[in-house]
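Contents: one structure, followed by commentary.
The values are calculated or read from the model by the stated rules, or taken from the named source; none is laboratory data. Because the structure is a prediction, the values reported are computed rather than measured. All Cβ positions, glycine included, derive from the backbone under ideal geometry; neighbour counts span all protein chains shown. Calculation scope for accessible area: heavy atoms of the full protein, side chains included, ligands and nucleic acids excluded. Shrake-Rupley method; radii C 1.70, N 1.55, O 1.52, S 1.80 Å.
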Amino acid sequence: MHSVKKGNQCHFGMKCHTGVDAGSGFVHTVKATAANVHDVTMTPQLLSGEEKMVYCDSGYLGAEKREDAVLRNKDGKKIQYKINRRPSQSKNNSARSKGQIKRRKREKSSVRAKVEHVFAVVKGRFQYRKTRYRGLLKQTAKLNLVFALANLILADSPCLAV
């Protein structure tokens with residue numbers, strides 16, 4: 001694990017990066033990195049290859065422009081990256097433009113909420129909020145187990161029953 005400075009505060013620890021299927025809401029990829037690794041560098045490792053669209057928050061801006069970016073899925077079709085802007089990027093726009101940006105951001109965020117639902121299960125049911133400093137390898141193993149159990153809980157929930 002590693003320390004990182006955010007503003008004037010120092011944090012020591014790790015980050016958990018997940019790839020979630022937009023249709024089912026199940027986690028298909030879990031990667032754990034040190035706290036100083038930027039989110040955008042993990043994007044190619046989180047994709048399964050079957051995506052048509054990739055929804056991300058503003059931490060992943062520029063993911064499609066990187067040299068290691070995945071631009072086509074396994075079928076050869078182009079992947080669309082739908083990444084939310086930072087608030088400062090729409091500061092100088094007109095009121096009408098800001099409204100359009102806000103609507104688009106809301107559409108993207110409604111899909112991204114499926115990822116947040118998985119984290120709610122992990123943090124709420126399994127009380128996985130803080131980690132002990134026992135190493136990245138052990139934390140990765142624990143995260144894989146916790147997210148696999150979260151997938152089972154989500155699969156068993158009545159809201160997904162047809």
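Annotation note: of Ala63, Ala34, the sole residue that is in contact (Cβ under 8 Å) with a residue 40 or more places away in the chain and open to solvent by less than 50 Å² (accessible area, probe 1.4 Å) is Ala34.
Taking the numbered list (1) in contact with a strand residue (DSSP E or B) (Cβ under 8 Å, 6 or more places away or on another chain); (2) under 22 Å from Lys114 (Cβ atoms); (3) not in a loop (DSSP other than H, G, I, E, B) in turn, Val40 passes all entries but (1). Among the residues of the stretch 18-29, the one identified as assigned to a strand (DSSP E or B) and either farther than 15 Å from Glu51 by Cβ or over 11 Å from the mean Cα position of the chain (by Cα) (or both) is His28. Residues considered: Ile83, Ile101. Of these, the only one that is closer than 21 Å to Thr41 by Cα, surrounded by 10 or more Cβ atoms within 10 Å (Cβ to Cβ) and aliphatic (A, V, I, L, M) is Ile83. Among the residues of the stretch 133-152, those that are under 27 Å from Ile83 (Cβ atoms) and open to solvent by 40 Å² or more (accessible area, probe 1.4 Å) comprise Leu136, Asn144.
Selection of the stretch 108-144 for residues being more than 19 Å from Phe26 (Cβ to Cβ), without any contact (Cβ under 8 Å) to a residue 12 or more places away in the chain and either part of a helix (DSSP H, G or I) or touching a helix residue (DSSP H, G or I) at 6+ places or on another chain (Cβ under 6 Å) (or both) yields Arg129, Leu137, Lys138, Ala141. Whether any residue in the stretch 116-132 is surrounded by 13 or more Cβ atoms within 10 Å (Cβ to Cβ), of a type in the set (Phe, Trp, Tyr) and over 17 Å from Gly19 (Cβ atoms) is what I want to check. For the stretch 116-132, residues surrounded by 13 or more Cβ atoms within 10 Å (Cβ to Cβ), of a type in the set (Phe, Trp, Tyr) and over 17 Å from Gly19 (Cβ atoms): present.
Against the conditions (1) under 18 Å from the mean Cα position of the chain (by Cα); (2) among the hydrophobic types (A, V, I, L, M, F, W, C); (3) modelled with pLDDT under 85, Cys159 satisfies every one except (1). Among the residues making up the stretch 91-107, a single one is small (Gly, Ala, Ser) and part of a loop (DSSP other than H, G, I, E, B): Ser94.
How many residues are within 14 Å of Thr18 (Cβ to Cβ) and out of contact with any His (no Cβ under 9 Å at 6 or more places or on another chain) if we restrict to the stretch 52-82? Result for the stretch 52-82: 5.
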